[in-house]
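The values are calculated or read from the model by the stated rules, or taken from the named source; none is laboratory data. Here the structure is a predicted model, which means the values were calculated and not measured. Here the Cβ positions follow ideal geometry from the backbone for every residue, glycine too, while neighbour counts run over all protein chains shown. The area values use the complete protein model at the heavy-atom level, side chains included, leaving out ligands, DNA and RNA. Shrake-Rupley method; radii C 1.70, N 1.55, O 1.52, S 1.80 Å.
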Amino acid sequence: MNRNPRDIFRLLQKITPRKIVNAARITGSYYSSIRNGNPVISGMPIALSIEPTTSCNLRCPECPSGMRSFTRPTGMLDPGVFRRVIDQVYRDLVYLTFYFQGEPYLHPGFLEMVGYASRKNIYTSTSTNAHFLDRLQAENTVSSGLDRLIISIDGTTQDIYSSYRIGGNLEKVIQGTRNIVKAKKKLKSSTPHLIFQFLVVRHNEHQVEEVKRLAAETGVNELVFKTAQVYDFESGNPLIPENSMYSRYRKLPDGNYVLKNPMKSRCWKLWHSAVITWDGNVLPCCFDKDGQYTMGTLRQNTFVEIWNNDAYKIFRNRLLKDRKQIDICRNCTEGTKVWT
């Protein structure tokens, strides 16, 4: 399914002359850093990911929230901290993702935070397992101004779905999706842009055609096939699909696997975006799931101070010198193809 032109237009509506100038400055500093081999930053991030919570109702393998394998604490984002961050960055920020780890709808103030960001003219997005989208919550979601809602649906039958989404109920996912579709019609809203995201692994890859039909039946706007990140892939992993098109990894003649990413010593993420955890730590990107590389904390500094501090400069410099030596980068797909 192709992206809805209305969704593209809504994103473009968030762009102001100031945001265009900021994006140009960031892009220019990125390419200048690559050419010179030394990191420079001119401007503020275009995109942010903010984590409402690390809590989750499911137990998905290969997910730190699901496996309860974090060494960092579990908790809920303080709405006051959230508002302070948004007040610092909204003039330059185009895109805000309310997701890192955990299930966003478990945060009792989640939709109020979405509304706050929406009123600041920021494109807002989130990802959910859709178990909490009853009729009222669906209507509240539409009313919040959320621009994009990604629903994870990793199977078209309960047995296949729950083999990865452990503890999940496929019927709740489908009903939650239908509740959003009905709420959009009731409230005469074109948002949120509704996406089915199908994480392709070996046990569900035979349902690719079936999920296309299910997406059409439920009325979602878009269907996206996502490749799975697995932590132990070198010797093979039962989650890696047989169809290499849907895999992040390439099988070698000796039976071992390597990441398809050529791993050049550059990364756009470190210039245009950042991740903020529920407790106010700023991380370089979404592959630092356990917060190994904290650039600073919003409990002590403003975001602007952290974005330009020495910790960020050192990390960006390491990346430009030899990205392969940074452990969170070794399983990263930045720069590889995305299939939809």
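Of the residues Leu93, Leu194, which is farther than 26 Å from Gln229 by Cα, open to solvent by less than 30 Å² (accessible area, probe 1.4 Å) and in contact with a strand residue (DSSP E or B) (Cβ under 7 Å, 6 or more places away or on another chain)?
Values: Leu194 fails: farther than 26 Å from Gln229 by Cα.
Going through Leu93, Leu194 in turn, just one is farther than 26 Å from Gln229 by Cα, open to solvent by less than 30 Å² (accessible area, probe 1.4 Å) and in contact with a strand residue (DSSP E or B) (Cβ under 7 Å, 6 or more places away or on another chain): Leu93.
Restricting to region 47-89, name every residue that is within 25 Å of Asn121 (Cα to Cα) and either at pLDDT below 90 or surrounded by 18 or more Cβ atoms within 10 Å (Cβ to Cβ) (or both). Break it down stepwise before answering.
So in region 47-89, the residues within 25 Å of Asn121 (Cα to Cα) come out as 47-53, 76-89.
Once the filter is applied, which keeps residues that are within 25 Å of Asn121 (Cα to Cα) and either at pLDDT below 90 or surrounded by 18 or more Cβ atoms within 10 Å (Cβ to Cβ) (or both), region 47-89 yields Leu48, Ser49, Ile50, Glu51, Pro52, Thr53, Met76, Leu77, Phe82, Val85, Ile86, Val89.
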Report every pair of residues separated by at least 6 positions or lying on different chains whose Cβ atoms are under 8 Å apart, first residue within region 65-87 and of a type in the set (Val, Ile, Thr), second modelled with pLDDT of 95 or more and assigned to a helix (DSSP H, G or I). Val85/Phe303; Ile86/Tyr116; Ile86/Ala117
In region 284-296, is there at least one residue being touching a helix residue (DSSP H, G or I) at 6+ places or on another chain (Cβ under 6 Å), free of Cβ contacts under 8 Å to residues at least 24 places away in the same chain and not polar (S, T, N, Q)? yes
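Going by what's in this entry, would Leu223 be described as open to solvent by less than 20 Å² (accessible area, probe 1.4 Å) and touching a residue at least 60 places away in the same chain (Cβ under 8 Å)? Walk me through it before giving the result.
Numbers: open to solvent by less than 20 Å² (accessible area, probe 1.4 Å): yes; touching a residue at least 60 places away in the same chain (Cβ under 8 Å): yes.
Yes.
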Residues that are surrounded by 15 or more Cβ atoms within 10 Å (Cβ to Cβ), farther than 16 Å from Gln207 by Cα and either over 23 Å from the mean Cα position of the chain (by Cα) or among the basic types (Lys, Arg) (or both): does region 146-161 have at least one? yes
Provide a single number: the residues in region 171-183 that are surrounded by 20 or more Cβ atoms within 10 Å (Cβ to Cβ), of a type outside the set (Ser, Thr, Tyr) and under 12 Å from Asn129 (Cβ atoms). 2
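Is it the case, given these coordinates, that Phe9 is in a helix (DSSP H, G or I), closer than 25 Å to Ile151 by Cβ and either modelled with pLDDT of 95 or more or open to solvent by less than 30 Å² (accessible area, probe 1.4 Å) (or both)? Working first, answer last.
On the way: in a helix (DSSP H, G or I): yes; closer than 25 Å to Ile151 by Cβ: yes; either modelled with pLDDT of 95 or more or open to solvent by less than 30 Å² (accessible area, probe 1.4 Å) (or both): no.
Spelling it out, it is not the case that Phe9 is in a helix (DSSP H, G or I), closer than 25 Å to Ile151 by Cβ and either modelled with pLDDT of 95 or more or open to solvent by less than 30 Å² (accessible area, probe 1.4 Å) (or both).
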Determine, yes or no, whether Ser127 is under 23 Å from Asn331 (Cα atoms), loosely packed, with under 15 Cβ neighbours inside 10 Å and of a type in the set (Ser, Thr, Tyr). no
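Conditions tested, residue by residue: (1) of a type in the set (Ser, Thr, Tyr); (2) more than 26 Å from Ile180 (Cβ to Cβ); (3) in contact with a Cys (Cβ under 7 Å, 6 or more places away or on another chain).
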residue	(1), (2), (3)
Pro73	no, yes, no
Gly80	no, yes, no
Asp92	no, yes, no
Pro104	no, no, no
Gly109	no, no, no
Thr128	yes, no, no
Step by step: first the residues of region 119-171, then only those that are in a loop (DSSP other than H, G, I, E, B) and touching an Asp or Glu at 6+ places or on another chain (Cβ under 7 Å), then the one that is nearest to Val89 (Cα to Cα). Which residue is that? Asn129
